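Peer 1: Here it is, the structure, as structure tokens.
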Amino acid sequence: MKQKRMLHHKNQNIVLIGFMGVGKGTIARALIKKTKAFGLDTDDMIESMENRKIKVIFEDEGEAYFRKLEKKTAKWLEKNVKNCVISTGGGFYKVDHLEKIGTIVYLKSSFEGILKRLREHEKADLKLAKRPLLCDEEKAKQLFKDRVEAYEAKADVIIDVENKSAKKIVNELIKILQ
Ligand code: S3P
């Protein structure tokens, strides 16, 4: 657990970042339930904007196109959204001025911890199939290595999520963010 700078951000949003499968969506939903805040997910926003799944966007248009949509989404969030829990795609941390959207919380886990979490999930196949960058384990591991430091550098708060229940993680988060 690490806290870097003042948490009373002007937009009062909480932005969850971290690698694919670490549990950003799960933690966002638990946090939303507990705090009664509203929630948004950048991948969901992009899918509804495009009216197609992320996987299909990657297949039809390529990754660069998807990254542009992430940037567009970030600008819109910064301008329009307050008091919200925002879960993001694993590459969203790269958008310009992420810090302007809200307090950045990095959900931290080892790569092995993420694989374990995904494999234990009842819909494991689905979780892997919908993530184009997670299909090849070796490539995913390299991507994880390439990103780890950047995730930490972007974060206002780092929470170690490995082997912890969503409930415990959310309680820790609420304590820090108060
Ligand atoms: C990506 C992560 C995905 C999704 C896209 C790219 C990434 O989101 O945005 O497949 O670059 O790490 P999740 O982190 O929710 O899997």
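Rule-based calculations on the coordinates, nothing more; no lab input. Because the structure is predicted, anything quoted here is derived from the model rather than measured. Cβ atoms come from the backbone with ideal geometry, glycine included; neighbour counts cover every protein chain shown.
Peer 1: Starting from the range 88-100, keep only residues that are under 21 Å from Glu47 (Cα atoms) and free of Cβ contacts under 8 Å to residues at least 60 places away in the same chain, then list their pairs with residues that are away from the ligand (no atom under 12 Å from the Cβ) and of a type in the set (Lys, Arg) whose Cβ atoms are within a distance under 8 Å, requiring at least 6 positions of separation or different chains.
Peer 2: Correct list of pairs: Val95/Lys71; Asp96/Lys71.
Peer 1: If you don't mind, another one. More than 14 Å from the chain's Cα centre (by Cα) and among the small types (Gly, Ala, Ser): does that describe Ala150? Please lay out each step first, then the result.
Peer 2: Numbers: more than 14 Å from the chain's Cα centre (by Cα): no; among the small types (Gly, Ala, Ser): yes.
No, not satisfied.
Peer 1: So Lys94 ticks every box in (1) within 21 Å of Leu126 (Cβ to Cβ); (2) within 12 Å of the ligand (Cβ to nearest atom); (3) in contact with a helix residue (DSSP H, G or I) (Cβ under 8 Å, 6 or more places away or on another chain) but one. Which box is left unticked?
Peer 2: (1)
Peer 1: Do you know which residues across the range 101-156 are surrounded by fewer than 18 Cβ atoms within 10 Å (Cβ to Cβ), in a loop (DSSP other than H, G, I, E, B) and in contact (Cβ under 8 Å) with a residue 40 or more places away in the chain?
Peer 2: Matches in the range 101-156: Ser110, Lys130.
Peer 1: Let me ask something else about it. Please go through the range 68-95 and pick out each residue that is assigned to a loop (DSSP other than H, G, I, E, B) and under 20 Å from Arg29 (Cβ atoms). Before the answer, list the steps.
Peer 2: Our first condition is that a residue be assigned to a loop (DSSP other than H, G, I, E, B); within the range 68-95, this holds for 81-83, 88-91, 95.
Within the range 68-95, Val81, Lys82, Asn83, Thr88, Gly89, Gly90 qualify.
Peer 1: Mind checking whether some residue in the range 53-67 is in contact (Cβ under 8 Å) with a residue 60 or more places away in the chain, in contact with a His (Cβ under 6 Å, 6 or more places away or on another chain) and part of a loop (DSSP other than H, G, I, E, B)?
Peer 2: The answer is no; no qualifying residue exists.
Peer 1: Looking at the range 25-63, which of its residues are of a type in the set (A, V, I, L, M) and either within 12 Å of the ligand (Cβ to nearest atom) or in contact with an Asp or Glu (Cβ under 9 Å, 6 or more places away or on another chain) (or both)? First the steps, then the outcome.
Peer 2: Here is the first cut: in the range 25-63, the ones of a type in the set (A, V, I, L, M) are 27-28, 30-32, 37, 40, 45-46, 49, 54, 56-57.
Those that are of a type in the set (A, V, I, L, M) and either within 12 Å of the ligand (Cβ to nearest atom) or in contact with an Asp or Glu (Cβ under 9 Å, 6 or more places away or on another chain) (or both): Ile27, Ala28, Met45, Ile46, Ile54, Val56, Ile57.
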